[in-house]
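First the structure, which I've put down as structure tokens, then a few questions once you've had a look.
The values are calculated or read from the model by the stated rules, or taken from the named source; none is laboratory data. The model shown is predicted, which means the values in this text are computed figures rather than measured ones. Cβ coordinates were reconstructed from backbone atoms using ideal geometry, including for glycine residues, and neighbour counts include every protein chain displayed. Note: areas computed on protein heavy atoms with side chains; ligands, DNA, RNA excluded. Shrake-Rupley method; radii C 1.70, N 1.55, O 1.52, S 1.80 Å.
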Amino acid sequence: MLSRGDRVVMGVSGGADSMCLLFVLMELKEKMDLSLCAVHVNHGIRGEKAKRDQEFVENFCSSHGILWKTFRGDIPKLAQTWKMSQEEAGRTFRYQCFDQALKDLDWENGKIAVAHHENDVAETFLMNIFRGSGIHGLTGICPVRGNVIRPLLNLDRQEIENFLTRKNISFCTDDTNFENTYTRNRIRNVLIPYIQEYINSRAVDHMADLARETRELAQYMDKERDKAWDTVIRPDKSLDADRLKSLDPVLAREVLRRWIGEAAGRLKDITREHIHQVMGLICKPVGKQTVLPYGLIVERGYDSLKFVGPGNKQISGFEEIPLEISKETGIITSVPIKNAGFTVEMVIRDPGENQRIEENRYTKWMDYDKIENRLQLRHRCPGDYLIVDKKGSRKLLRRVMIDDKIPKEERDKLMLIADGSHVLWIIGGRMSESCKVTGDTKKILEIKIKGEK
């Protein structure tokens, strides 16, 4: 992680983890001739408490002769601008600040030290499992990635707190860490303590160990994938479908992951389900398509899989489009359906008193908690049904279309918002009774279909 004479900016929030990191590097400073700068980021969220933490870090660094820099941002505003959660926006902004500090100091090839530890590895491991990640998402947090180092990664939270007690080191407590608004906080404060108390007290250690082993396995798989890659990739960047089909399924999925990652420039929102969607195209007729995040469309050619642009294709060629929704209230998620000329826009809202249900032909409000599976945008499938009354009576979609006098030639063209086989909304038409907003609704999902046509 470190070599003699290295120049290091340290992320220091004032909390226990970052104060431990600061002291560890301070103790190594003379031994390794390190140049250090503490970087504190005020996220503009916690008001006076954030100001207190900032002053604590600045005063501590000044009294101990440590260079420091403070950056301030408006994370709620950035989250809206960047169309991501506040948690994601905060992380992105912090690393921008670390990079900026290196530039301001003119520390070329400098390093960024952050205070992730073993509990963070376990939390990330579980979050990625629940999000549907593949093997790469289970590799935890790397000790070294580029110029970012994590010197505390082999310590758990209790060891860090014990160290601070022995050294009589004070630190700040961020009250928001105990609020279970964010998914990570719920995993940290509720799920992991439950697992440690009722299942295995060393669960965090075991998850961290498995993440390290999985990282080694993923590195091996990457080498094998790259060998297979050369046999299936074509000069036009399409994939040879027959050669891909002949690969072991594990290798084929890894080849697809690399292919999609290179086209999108990132893999953050690509889940196991998306990889299986593309794999399924190998056995589909020519012309079948599937839509992935980032506006990517994959089409089955005569002997290939290829990315296609908007063009003039009819949306009826799609298998299905997963609709990923931000779980945070007020964050708008947009899924552009480019070749169909419209966008699906989704946002979770809190119900207010005397709030009028804002609905029209292309805007619907639904009870978010009544949705059981991941939503899909698709055409009808055998077995589709709607709930047609408040008693929960089911009616097959085919029967609904007949009763609503929808012409036979139009039925396969209609787009649906579906929860498994349960059709929640025939876009532009009827909505299922079971998901309608009531006085007991705690979260409203608003879905808008926006476009020129």
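Under 5 Å between amide hydrogens, which residues at least 5 positions from residue 268 or on another chain qualify, with H placed 1.01 Å from N in the peptide plane?
none
Using alpha carbons only, how many degrees (0 to 90, rounded to 10) separate the axis of helix 16-32 from the longest principal axis of the chain?
Long axis of 16-32 versus the principal axis of the chain: about 50 degrees.
When only DSSP loop residues count, what chymotrypsin sites (Phe, Trp or Tyr not before Pro) in region 231-314 have their Cβ near at most 10 other Cβ atoms within 10 Å?
Values: sites: 259, 294, 302, 307; in loops: 302.
Passing sites in region 231-314 are 302.
Under the definition of Cα pairs under 8 Å and six or more residues apart, what whole-number percent is the relative contact order of region 353-453?
Numbers: 157 pairs, mean separation 41.0, N = 101.
Once normalised by length, the contact order is 41 percent.
Need one number: the % of Cα-Cα pairs in region 154-249 sitting beyond the 19 Å mark. Intermediate values should be presented prior to the final figure.
Details: 3068 of 4560 pairs.
For region 154-249, the fraction of Cα-Cα distances above 19 Å is 67 percent.
Report the Cα-based extents of region 75-178 along its three principal axes, largest first, to the nearest Å.
Its Cα atoms span 43, 41, 29 Å along the three principal axes.
Could you go through region 112-117 in sequence order and give the Karplus-derived ³J(HN,Hα) for each residue, using 6.51 cos²θ - 1.76 cosθ + 1.60 with θ = phi - 60°, rounded to whole Hz, and x for Gly and Pro?
Once rounded to whole Hz, the list reads 10, 9, 10, 9, 4, 9.
Then there's this: Using a 1.4 Å probe, what is the accessible area per residue for region 149-236, in Å²? Don't skip to the end; give the middle numbers.
Numbers: 5610 Å² over 88 residues.
Value returned for region 149-236: 64 Å² of accessible area per residue.
Can I ask one more? Please report, in debye to the nearest 20, how large the charge dipole of the chain is about its Cα centre when each Lys and Arg carries +1 at its beta carbon and each Asp and Glu carries -1 there.
Working: 73 positive and 68 negative charges, 297 e Å.
It comes to approximately 1420 debye.
Please give the per residue volume of the convex hull enclosing the alpha carbon atoms of region 217-308, rounded to a whole number of Å³.
Values: hull volume 8.5 nm³, N = 92.
Hull volume normalised by residue count: 93 Å³.
Compute the acute angle (0 to 90°) between the alpha-carbon long axis of helix 86-105 and the principal axis of greatest extent of the alpha-carbon atoms of the chain; round to the nearest 10°.
40
Among bridges DSSP assigns within region 194-341, what percent are antiparallel (round to 5)? Show your work: numbers first, answer last.
Numbers: 9 of 10 bridges.
Given both bridge residues lie in region 194-341, the antiparallel proportion sits at roughly 90 percent.
If you rank 117, 379 by how much accessible surface each has, with a 1.4 Å probe, what is the order from largest down?
Numbers: 117 0, 379 20 Å².
Putting 117, 379 in descending order of accessible area: 379, 117.
Then there's this: What distance in nm lies between label points placed 7 Å from Cα along the C-beta direction at residue 406 and residue 72?
5.5
Still on this structure, I have one more. For region 3-102, with only Lys/Arg (+1) and Asp/Glu (-1) charged at the beta-carbon, what is the dipole magnitude about the Cα centre, in debye rounded to 20?
Values: 14 positive and 13 negative charges, 46 e Å.
It works out to roughly 220 debye.
Here's another thing I want to ask about it. How large is the direction-averaged shadow of the alpha-carbon convex hull of region 375-445, in nm²?
Values: hull surface 20.0 nm².
Mean projected area for region 375-445: 5.0 nm², to one decimal.
Which peptide among 10-22, 228-240 comes first, and what is the full order, when sorted by highest mean count of other Cβ atoms within 10 Å?
Going by the mean number of other Cβ atoms within 10 Å, highest first, we get 10-22, 228-240.
Starting from the coordinates of the alpha-carbon atoms of region 1-158, obtain the Kirkwood hydrodynamic radius over all distinct pairs and give the value in Å to one decimal. Kindly include the intermediate steps, with their values, before the conclusion.
Numbers: mean 1/r = 0.0604 Å⁻¹.
Over region 1-158, the inverse of the mean reciprocal pair distance is 16.6 Å.
Full-extension gain between residue 224 and residue 64, please, as 0.36 nm times their residue separation minus the C-alpha to C-alpha distance.
52.6 nm
Suppose R0 equals 45 Å; then what is the FRET efficiency for residue 203 and residue 288 from their Cβ-Cβ distance, rounded to the nearest 0.05? Provide the component values of the computation, followed by the final result.
Details: r = 43 Å, r/R0 = 0.96.
For R0 = 45 Å, the calculated efficiency reads 0.55.
How large, in percent, is the carbon and sulfur part of the accessible surface of the chain at a probe radius of 1.4 Å? Let's see the in-between values first.
Numbers: 11590 of 24060 Å².
Roughly 48 percent, rounded to a whole number.
List the GluC sites (Glu not before Pro) within region 56-158 that DSSP assigns to loop and that have no more than 10 neighbouring Cβ atoms inside 10 Å.
Details: sites: 58, 87, 88, 108, 118, 123; in loops: 108.
Within region 56-158, the qualifying GluC sites (Glu not before Pro) (loop, at most 10 other Cβ atoms within 10 Å) are 108.
Return the Rg/Rh value of region 1-79, two decimal places, where both radii are evaluated on C-alpha atoms and Rh is the Kirkwood radius.
Values: Rg = 13.6 Å, Rh = 13.3 Å.
Rg/Rh for region 1-79 comes to 1.03.
A follow-up question, please. For region 1-127, what relative contact order do you get, as a whole percent, if you take Cα pairs closer than 8 Å and at least 6 residues apart?
The value is 32 percent.
Shifting gears a bit: So what's the projected area for the chain, the Cα convex hull averaged over all directions, in nm²?
Reported value for the Cα convex hull: 26.7 nm².
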